[in-house]
Every structure is written in C-alpha cells, then in structure tokens.
Amino acid sequence: MGKYQITLFFIICLPASLPSAFSAFNQPFVVGQPEHHCKLPNGRQDLAPIKDIATQEDLNCHQYNQTEVDFLKGLNETDFELSKRKLQLIPCQLGWEYDNGTYLDSLVTEFDLVCNNKGWVDTTSTAFYIGGFVGNILFGYIADKYDYAKLKGMEFMDNSGRIFSGIMIDVFFGIGMTLLGVLAMLIRRWRLLTFFSNAPFVLLFSYYLKVFMNIVIMGISHAHFLPESPRWLISAGKFSKAKKIIERIAKVNGKKDVDMNELMIQLIKSLSKTYYSKVVHENIVQAYHELLLLMLFFSAPTESKKFSNRHKSTSLRSLQNNKFTQNNTIGYIYLLAVKVICDFRFLSIHIDFQLRFVNAVVYNGLTFNISNLPVSDYVSFIVNGAVEIPAYLLAWPSLGYLGRRWTLALLMLLGGFACVSTMFAPASAEHPWIISGLAYVGKFGIAGSFAVIYIFAGELYPTVLRAMGMGMSSMVAGFGLILGPYLVRLGDSSQILPLLIMGLMSVSAGLAAFFLPETLGIALPQTLEEAETLGNTTTLTCMPGARRSKRINQWRETREKISGDKHSSHKNCSDSKDLVDDADLNEAISLC
C-alpha cells in the first residue's frame with residue numbers, strides 16, 4: 001500500500017467513520033430511562049406504595065387510590081398503615097416524576113414512555129434499525145444501478161492494505177463510540193445530542209461538496225483526486241482510462257519501472273475470474289424481495305423462474321451446472337437459499353450466517369445494556385467504546401498469525417465466557433465493577449470478532465455468489481440488530497439475564513467457528529465446486545501464520561550461521577531466503 005492509497009484512505013474513508021458511530025449508537029441516550037415514580041398531589045406521600053412490600057414495578061408505576069386512602073383514614077387513623085397494606089394499587093393518575101440526575105431529559109421523559117408505554121421505546125429503536133436496514137438495500141442498489149459507487153476505497157488496496165484499512169476504520173469507529181459517550185455526558189439532553197450526533201454528516205457533506213466544486217470550478221481532473229476504480233473501469237471496458245489512472249497512482253507512489261501493459265493484462269485476467277456478476281448488482285432489490293418471500297412463506301416466489309431465465313450469466317450457469325443443483329428448476333434466489341444455505345456441503349456459509357446474526361445481537365445488546373449495569377450509563381458507554389480500540393488492534397496481528405478461524409473463535413469465546421461469568425459474580429452494591437468489568441471484557445471479545453468476521457466472510461463465499469452472499473449475511477445481521485433492544489429489555493426482571501443469554505449465544509457461535517475452513521493464504525474460491533472443497537485439507541489445530549513464523553526463524557538462524565563467510569554470504573543468503581519464499585502460507589497450510 002503506497003502513499004496514494006494511504007492519502008485517499010485518510011481523506012475519504014476515515015472522515016465518515018467517526019460520525020457514523022455518533023449516529024448509529026446514540027439511541028441508548030436518546031431513549032434513556034431515568035428513575036421515576038408516580039406524580040402525587042402535594043403533601044400526599046401516603047398514596048405512594050409501601051417500599052417493604054412493593055416490587056420495583058409498583059414503586060415506579062403504581063399508587064394507592066386517593067378515595068380509598070381517605071376513606072380508610074376516616075375509619076381508623078391509628079391502624080391506617082397496617083390497613084393500607086390490603087389496598088389494591090392503581091396506575092399513576094397524574095403522570096410521573098423523573099430523577100434528572102442522569103438525564104436532564106430524554107425521549108422517554110418527554111413523552112412518558114414508561115410503565116404501560118415502555119414498549120414504544122423498543123419500537124423506536126427497532127424503527128431506527130429498520131430504517132438503516134432499508135437504506136442499506138435501497139441506496140446500495142441506487143449506487144450500483146447508476147454507477148455512483150465507482151469510487152470505493154478498498155478497490156485501491158492490496159490484500160494487506162484491505163486488512164489495514166478495515167481495521168483502521170473499526171479503530172476510528174471505536175474512537176467515535178468513546179467520544180459519543182463523552183458528548184452525551186456533557187449535553188444530557190436528547191434533542192441537542194441528536195443534533196450534534198448528526199451535524200458531522202452536514203460537515204462531511206460540505207467537505208465532499210467542496211472537493212467536488214474544486215474539481216468542477218477549477219477544472220481539476222476527476223482522476224487527480226477522486227479517481228474511478230480501475231477495476232470497475234476495466235470491467236466496463238474502459239481500458240485506456242483505467243491505464244491512465246494506474247499510471248498516475250504508480251507515479252504518486254514512486255513506482256517508475258512498471259510495465260503498464262503487463263499490469264493491465266494481469267488485471268484483466270484477474271477480473272475475468274473474480275469480478276462479481278453484474279446480475280447481482282443490477283437486481284439486488286429483486287433478490288432481497290425474493291429472499292424475504294422465501295423466509296415469510298417458505299415457498300418459491302412466482303417470479304423466481306422468470307428472474308432466473310432473464311439473467312442467465314456465466315455465474316448463473318456455473319450455479320445451475322453444479323453437480324447438486326443441475327436438476328433444479330426453481331428460481332435463483334430460492335435455489336441459493338435452500339440448496340446453498342441449508343445444504344451442509346456448504347456448512348461454512350450456514351455457520352457464517354449464524355456468526356453474523358449472533359455477532360450483531362451481542363454487539364448491539366452489550367451497547368444498549370449499559371442501563372442494566374450497576375455504574376453510570378455514561379461511564380459504562382465510554383468504557384464500552386474504549387475497549388473496542390485495543391480489541392481491533394489485537395485482532396490485526398492475530399489474523400496473520402493465528403489465522404482467521406482461530407482468531408474469530410477465540411474472541412467470541414472470550415466475550416461469551418465473560419458474559420456468562422456474570423452469573424457467578426456477587427450482586428452486592430459494594431462491588432459494582434465486577435459485573436460491569438465482565439461485561440466490558442465481553443464487549444472487547446465481541447468487538448474484535450466484529451472486525452474479523454467481515455474479513456473472514458468475504459473469503460468464504462465463491463466469487464459467483466460473493467456479493468449476493470455477503471448481502472444476504474448482512475441482512476441476517478440486520479435482524480440481529482433489531483433484536484438487540486428487546487433482549488436488553490429482559491434486564492427488567494434480572495440484570496444479568498441479558499448478559500447470560502448473549503454470553504451463551506457468543507459461546508455457541510465461537511464453537512461453531514472452529515468448523516469453518518482456514519482461509520489465510522488460500523486463493524479465494526471462484527466456483528461452487530471450489531467452495532465445497534474449501535479447507536478440506538486443513539485440520540482443527542491448523543495455524544498457518546504460526547508455521548510460517550517458525551520457517552522464518554529457521555531462515556534467520558541459517559543466515560546467522562553463514563554471515564561470517566564473506567565470499568559466500570551473498571549466495572548463501574539468497575539461497576536461504578528461498579526458504580522463506582517456499583514457506584509461504586499455502587505450504588504452511590498443506591503441512592497442517
């Protein structure tokens with residue numbers, strides 16, 4: 001990754017990472033629920049429930065009937081307190097009073113979304129994530145349909161650069177989460193917080209608009225600053241334009257001795273094998289529609305066969321000619337869902353869906369669960385965001401050393417066992433940081449796995465289905481995001497119940513991850529046949545990165561032994577360097 005890619009990455013991708021965290025996760029503060037109780041007439045504290053016999057729900061949402069209390073007082077003033085215990089509680093009559101020590105105001109306090117109305121809190125959170133779910137589908141479709149997505153930061157990265165950029169985006173997202181907690185603690189008002197959470201997007205839009213205006217008004221070539229993707233240009237047949245952009249990138253990176261013709265040939269050959277079928281992009285909305293019909297009615301959509309016949313591309317022929325789908329006449333999406341997802345010859349895809357769903361549920365659940373922890377909501381959220389940063393930085397080297405599978409599994413197991421361990425922690429108010437600390441360790445593990453799973457998932461799907469598969473797994477993850485707030489609501493009955501459920505889900509997903517194939521150093525599968533056999537040669541204990549490090553250490557020892565021979569050092573060092581070249585990841589995997 002050269003200077004050009006780094007510059008493009010920092011001025012295009014990272015400015016969007018920080019505000020994304022602000023907008024996506026301000027919900028815990030917007031719908032924050034402070035302590036509350038019934039608003040009573042002046043001087044009528046005798047209408048409040050008796051604390052030693054009332055539940056927390058009664059203390060928050062009920063009171064005694066004023067007429068019955070007055071009647072009882074008139075009958076027997078001396079035995080009033082004893083007699084009052086037999087009275088029935090009724091819902092609050094004059095509304096509620098809220099403790100503004102944590103939140104000066106919130107959506108809950110403004111619209112009284114407590115007690116019988118508390119279900120609306122989960123509805124608002126669900127509506128927020130449904131909006132994001134629909135937006136991802138709609139705007140992704142528009143971008144691909146009208147070619148607005150030609151610039152993609154990842155298109156300019158090599159394999160190591162893609163991991164670096166993915167991890168760095170996650171790190172900045174974690175920084176954004178931490179800053180959001182600080183901002184919420186300073187503001188404490190939901191309308192102002194919502195404004196300042198989304199204001200950065202206005203600045204971001206202005207930033208990109210200024211860049212665009214500079215391009216238009218000053219006549220700066222589009223390729224100088226916001227170039228189209230060379231991969232996209234080649235796939236569209238615009239070879240001369242792609243060549244000019246590649247030459248400019250090479251010049252900025254200081255690469256002078258580059259055979260552009262040979263490089264173009266290699267890119268064309270590569271894209272002829274790996275570029276996603278255009279049918280996937282042009283019909284993404286149709287695909288989601290078909291899949292939703294399948295999930296709702298468990299039957300093949302009537303338009304499915306027409307869809308398949310209209311778009312017979314190389315990718316679809318590859319799918320239809322596969323040995324286990326060749327006799328199928330149902331539509332493309334139904335065939336994909338039933339035969340690929342549910343067929344256990346594609347167990348890795350099935351597990352990927354499980355992992356994405358669990359990861360989304362637990363990540364979102366732990367973020368919203370701050371209200372169930374025995375420490376300040378603001379402090380809890382800040383720590384929750386801060387632990388993500390080292391988690392992402394730890395995942396980065398682990399991906400190359402332990403491999404994708406072990407890194408993902410260990411991080412999810414760490415997060416899961418930490419959450420499950422809260423059931424053994426003392427619930428005493430004297431030790432509030434024990435349960436909270438275990439929850440933060442859980443967030444550390446699930447955040448690290450969050451970064452790994454996006455890299456890993458893209459390496460599991462065959463090229464002919466990669467875009468569709470990633471889109472479908474993202475949709476499954478979207479359902480997990482929607483479920484998160486409802487899971488946190490279980491904390492009303494027991495504070496550790498959401499943590500226990502999320503912990504068990506994470507442990508089960510971590511164990512399932514061990515059944516995935518190791519993809520570190522393996523060429524991406526191009527066809528369904530290759531996806532079926534992906535990882536068949538790897539064992540459970542395979543860690544290709546660790547084996548490569550062992551071979552590199554052997555090379556270093558050899559180099560030290562021959563370093564004293566001045567005449568043969570150059571030749572021998574060159575020979576010993578071959579040891580490292582031969583000990584690439586493919587060979588390391590074959591040794592597993």
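Looking only at region 162-190, count every residue that is among the charged types (D, E, K, R) and free of Cβ contacts under 8 Å to residues at least 12 places away in the same chain and tell me the total.
Residues that pass the stated criteria total 0.
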Just a yes or no: is a residue in region 388-408 in a helix (DSSP H, G or I), within 30 Å of residue 108 (Cα to Cα) and within 17 Å of the chain's Cα centre (by Cα)?
yes
For region 550-562, indicate whether the set of residues that are closer than 16 Å to residue 406 by Cα, part of a helix (DSSP H, G or I) and modelled with pLDDT under 60 is non-empty.
no
Considering only residues that are among the hydroxyl-bearing types (Ser, Thr, Tyr), assigned to a helix (DSSP H, G or I) and surrounded by fewer than 20 Cβ atoms within 10 Å (Cβ to Cβ), which ones fall in region 473-519?
474, 486, 508
Residue by residue through region 49-63, note down the ones that are part of a loop (DSSP other than H, G, I, E, B) and modelled with pLDDT of 85 or more.
49
Residues that are touching a Leu at 6+ places or on another chain (Cβ under 7 Å) and either polar (S, T, N, Q) or farther than 22 Å from residue 368 by Cα (or both), drawn from region 401-441
403, 404, 405, 407, 421, 422, 436
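The values are calculated or read from the model by the stated rules, or taken from the named source; none is laboratory data. Note that the coordinates shown come from a computational prediction; the quantities given were computed from them, not determined experimentally. Backbone-built Cβ (ideal geometry, glycine too); neighbour counts: all protein chains shown.
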